Structures are given as structure tokens and as C-alpha cells.
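Student: The structure that follows is given in the form of C-alpha cells.
The values are calculated or read from the model by the stated rules, or taken from the named source; none is laboratory data. Everything numeric here is computed off the predicted structure, so don't read it as measured data. We place every Cβ from the backbone using ideal geometry, glycine too, and count neighbours over all the protein chains shown. These accessible areas exclude ligands, DNA and RNA; they are computed on the full protein's heavy atoms, side chains included. Shrake-Rupley method; radii C 1.70, N 1.55, O 1.52, S 1.80 Å.
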Amino acid sequence: MNVEMRGLTKSFGPTPALNAVDLSVSNGEFLAILGPSGSGKTSLLRVLAGLEFAESGTIVIGGRAMEGVPARERGVGFVFQNYALFRHMTVARNIAFGLEIRPRRLRPRAHEIRDRVASLLDLMGIGDLGGRYPDQLSGGQRQRVALARALAIEPALLLLDEPFGALDAKVRKTLRVWLKDLHDRIGLTSIFVTHDQAEAMEMADRVAVMQAGRIEQVDTPDCLYAEPASAFVHEFLGEAIRLDCLVADGVARFPGLPSAVLPTACRPGAAIALIRPYEIGFIVRPGPAHVVSVHANGPLKRVRLLIGGVGIEVLSPAEGWTPVVGENCDLELSKARVYPV
């Protein structure tokens, strides 16, 4: 089921939660929406589900415009972070709930509902838990029940709002693998909101990075990491070292590093360069970088340097030259990316 969002704007008081958001999702795609707290991820999901309404913009799901369409008529399944299960209902009744409250003309027969619930319980790997109550389940089991309930209505689109946020790290990892496999088997279009970079990069076909109500970049996990479109994306995805620089005549120059000259298309003036710790090269010659400490870090060594009184940490291969505390060296920054301030 294709999804198109254009110009979505939503505010809570003076604070914009969504600021002219454009986003497309292809049929069968698993899209992750990633960003820090307050970036607008959940607001976007709730507007898409019809739980909130945008002040402007359009949403089209499967070719159908969603303007004025209530949540119950959108054909969307929603999985919440806190499960939102009915504690007084059994697991089976929780899963059946969305079917049982349909208008009579749209409601499946009782035996059809029972069959669908049983099938979903087996699909979730909890076939023997239908008679239990939510309080009798583990967190991971409750999350599977919540997902089964969302799938029971046979949604055209599945929305997941940080569904693993309340689980411990080991269970999260197990359920990530399981959910991705389930998505691939069912072929459902899914949008997954998270602030966990590892979840987004591991599970998604594409990732949309949000900041302050805007989409900063949408791309595959590999391209996002290797080719960030902004300083925010570069720093948000993985570790990055920030170095001040000045751009003039198409090159960036770094205070305290006279030998480092980096060609760039960045506009002239003050700028910043961002580089991953393992992308910095050591040049074995006297230079402005003073080695403060060296610590083993698996196959790499983490080296702390002082450059003009500013401390940075870089990663160096364990084999070959090993920096020595107290000596000076030079640095190679050709893999840095330069962004305007």
C-alpha cells in the first residue's frame, strides 16, 4: 500500500510538531522514522493514523485521500509503545476486539473471528497463550499480542510507535529480528518510529531522519551513514568528531592544523568539518597533534589528542605504527565532510 504525505503541518500551541513534511512510502516497504525526542516522529505517525489531524497538507493511502477520514476507516493498524492492551480481557479477546466492534454488516462471523485469532496467535509464536490475561505475560509476549491485535483487522498499513521501548536490550534485539522476518513474510507496508539508531539501521529498507518537525534526509541505512546530507544527520548517526574550519577559495583550512587543506563545495566563511573517529589518518612526522593517551579497544586503539588545546579522540588500527603518549604527529582529514554553520 503506497503512502504519500505532502506539506503536513501540525502545531501544539506555539511549537510546531510537523513543519511542511513531505514523505513517500512504497508498497511493501519497511520505513523507519528516526530522530531525537521532540523531533515530531510520533506526531507524524498519529496524524497518519487519524488520531490527530494536520492543520494543512495532504495524506493519500493507497490512492485514497484521508482528509476528514476518521481513524477507524483508514485501514491502519497501530502498535503503541505501552501495548495498550485491555487488562480485563484475555489475549484472544484483545486480538479479536477490533473485529468484534465493527458494524454488524462488516463484522466477520464468530467462527471466522476465532479462526483468525488462532491463526494470528500461531503466527506470533504464542499459540498457547490465548486464554491468559495481559498481566500474566512477559513484556515481549505483550508486544506480540499488541501486534496481533493490529494485524487482526487486516490493515493496509501498519504503524509502530517505538514498540520495543519498554523492553530490555536482549528482548528488543530478539523481537527486532522476529518483526523484520514477519514483515518480509507478510509483505505489509510498515512505518516504524524509533529513537534507537541500531533498530532503524538494522530493520528498515529506508530511514527518514527527523529534526524539529522536518525531514532532514530519507535514504537507505548505508547511504545515510556514508553520505549524510546535513551536519545534524552526520552527528546523529554514529560517532563524529567536530572540527572548526574556515572556507575560502574552495578549500577548508583548520586552525592549529596548517597542513590540513580540504577541497569543499561549501560556501565561503566559517564552517564545521565532521569526520568519523576511524576516518582520521595519522601521519608519522612532527606535527600539531599531541598524543595524550592510548587505550586498546579490540582491533583498534583509541587515541586521545590535543590540538591547540582542544581534545579529540580518534581510532587507529592496532597493527603498524602505534602512537606514543607524549609525542606529536600530524593528521590526515581527507574523509571529513564540511558543512556551513
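Student: Among the residues of the range 252-266, write down those that are open to solvent by 30 Å² or more (accessible area, probe 1.4 Å), outside any loop (DSSP other than H, G, I, E, B) and at pLDDT 90 or above.
Tutor: Arg253, Val261, Pro263, listed by residue number.
Student: Please indicate, with yes or no, whether at least one residue in the range 158-168 is at pLDDT 85 or above, open to solvent by less than 10 Å² (accessible area, probe 1.4 Å), assigned by TED's automatic domain parsing to the domain that holds Leu48 and more than 18 Å from Leu85 (Cα to Cα).
Tutor: No, there is no match, as no residue in the range 158-168 is at pLDDT 85 or above, open to solvent by less than 10 Å² (accessible area, probe 1.4 Å), assigned by TED's automatic domain parsing to the domain that holds Leu48 and more than 18 Å from Leu85 (Cα to Cα).
Student: Let me ask another. Taking the criterion of being assigned by TED's automatic domain parsing to the domain that holds Phe53, in contact (Cβ under 8 Å) with a residue 12 or more places away in the chain and in contact with a strand residue (DSSP E or B) (Cβ under 7 Å, 6 or more places away or on another chain), would at least one residue in the range 80-87 satisfy it?
Tutor: Scanning the range 80-87, I find at least one residue that is assigned by TED's automatic domain parsing to the domain that holds Phe53, in contact (Cβ under 8 Å) with a residue 12 or more places away in the chain and in contact with a strand residue (DSSP E or B) (Cβ under 7 Å, 6 or more places away or on another chain), so the answer is yes.
Student: Looking at the range 51-73, I want the residues that are in contact (Cβ under 8 Å) with a residue 24 or more places away in the chain and farther than 20 Å from Met1 by Cα and have a partner that is assigned to a strand (DSSP E or B) and of a type in the set (S, T, N, Q) with Cβ atoms under 9 Å, at least 6 apart or on another chain. Which pairs are those?
Tutor: Final answer for the pair search is Ala54/Thr9; Glu55/Thr9; Glu55/Ser11; Ser56/Thr9.
Student: Where the second residue is among the basic types (Lys, Arg) and the first is in contact (Cβ under 8 Å) with a residue 40 or more places away in the chain and lies in the range 181-199, which pairs have Cβ atoms under 7 Å and are six or more apart or on separate chains?
Tutor: Val193/Lys41; Glu199/Arg176
Student: Do the conditions hold for Gly57, that is, is it of a type outside the set (Val, Ile, Thr), surrounded by fewer than 21 Cβ atoms within 10 Å (Cβ to Cβ) and not in a helix (DSSP H, G or I)?
Tutor: So Gly57 fits the description; yes.
Student: Specify which of the listed residues (Ala208, Ala212) is assigned by TED's automatic domain parsing to the domain that holds Gly13, open to solvent by less than 40 Å² (accessible area, probe 1.4 Å) and farther than 30 Å from Leu106 by Cβ.
Tutor: Exactly one of Ala208, Ala212 is assigned by TED's automatic domain parsing to the domain that holds Gly13, open to solvent by less than 40 Å² (accessible area, probe 1.4 Å) and farther than 30 Å from Leu106 by Cβ, namely Ala208.
Student: Yes or no: the range 300-317 includes at least one residue that is free of Cβ contacts under 8 Å to residues at least 40 places away in the same chain, under 30 Å from His195 (Cα atoms), among the β-branched types (Val, Ile, Thr) and surrounded by 12 or more Cβ atoms within 10 Å (Cβ to Cβ).
Tutor: Checked the range 300-317: at least one residue is free of Cβ contacts under 8 Å to residues at least 40 places away in the same chain, under 30 Å from His195 (Cα atoms), among the β-branched types (Val, Ile, Thr) and surrounded by 12 or more Cβ atoms within 10 Å (Cβ to Cβ).
Student: Can you go through Glu112, Glu154 and tell me which one is in a loop (DSSP other than H, G, I, E, B) and open to solvent by 60 Å² or more (accessible area, probe 1.4 Å)?
Tutor: Glu154
Student: Show the residue pairs that are 6+ apart or on different chains and have beta-carbon atoms under 8 Å apart, the first residue being within the range 98-125 and more than 25 Å from Ala71 (Cβ to Cβ) and in contact (Cβ under 8 Å) with a residue 12 or more places away in the chain, the second being open to solvent by less than 60 Å² (accessible area, probe 1.4 Å) and of a type in the set (D, E, K, R).
Tutor: Gly125/Arg144
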